[in-house]
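Data block below; observations after.
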Amino acid sequence: MTDEALDRLVAAARAALPNAYAPYSGFHVGAAVLGASGAIHAGCNVENASYPVSLCAERGAIAAAVAAGERALSAVAVVTAQGDPCPPCGMCRQALSEFGPDLDVVLVAADGRIVRTRLSTLLPDAFGPGFLDGGSR
């Protein structure tokens, strides 16, 4: 990923962050994904009083990308409003893997610290479509 693409991706995630709806946890997250087309799609977390109904920012960004016609992702940026750079939860890791098993993951803390990794590092041996047809990957 180029520096310019990285800057655009992080800026989109930061722009989504203030829109997070987190009245219960107070933990605001903005995320953005970079599609294979080069387009960026953002999302934010949306909590619900019935906690399992809540939506993580990463899955919101994935949904926006799919709604726009993307079927492959190359990177995700996750920005939090507090604390250390925060990786995607397990459910989001699996959802991201569907569209980019080895995508770049950029984690950004409120103070600007950035950690870069790969999804395959965060989710080794991910469950994938190959398992559905009797294979292993």
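Throughout, read-outs are computed from the coordinates displayed, never taken from laboratory work. Just so it is clear, the structure is predicted and the values come from calculations on it, not from any experiment. Ideal geometry is used to build each Cβ from the backbone, glycine not excepted, and the neighbour counts take in all protein chains shown.
Quick one: angle between helix 90-99 and the longest Cα principal axis of the chain, in degrees between 0 and 90, rounded to 10, please.
Between helix and principal axis, roughly 60 degrees.
Under a point spin-label approximation (7 Å from Cα along Cα-to-Cβ), what is the ARG116-LEU132 distance to one decimal in nm?
Placing both labels 7 Å beyond Cα along the Cβ direction yields 3.3 nm.
Using only DSSP helix segments of four residues or longer, with each worth -39500 (n - 2.57), what per-residue ellipticity at 222 nm results for the chain after dividing by its residue count and rounding to 500?
So the calculated ellipticity at 222 nm is -8500 deg cm²/dmol.
Report relative contact order for the chain in percent, whole number only (criteria: Cα-Cα under 8 Å, sequence separation at least 6).
19 percent
Could you tell me which label, among [x] 8.5; [y] 11.2; [z] 9.2, carries the value of mean projected area of the Cα convex hull in nm² calculated for this structure?
Entry [x].
Which angle between 0 and 90 degrees, to the nearest 10, do you get for helix 57-67 versus the longest principal axis of the chain when only C-alpha atoms count?
Once rounded, one gets 60 degrees.
Compute a Gaussian network model of the chain, connecting alpha carbons closer than 10 Å, and tell me which residue from SER74, SER97, SER54 fluctuates the most.
With Cα springs under 10 Å in the chain, the top fluctuation among SER74, SER97, SER54 is at SER54.
So how far, in whole Å, is the C-alpha centre of the stretch 1-58 from the one of the stretch 68-112?
If you average the Cα positions of each part, the centres end up 9 Å apart.
Please list 3J(HN,Hα) in residue order for the stretch 102-112, calculated via the Karplus relation 6.51 cos²θ - 1.76 cosθ + 1.60 where θ = phi - 60°; whole Hz, with x for glycine and proline.
10, 5, 5, 10, 10, 10, 10, 8, 4, 7, x
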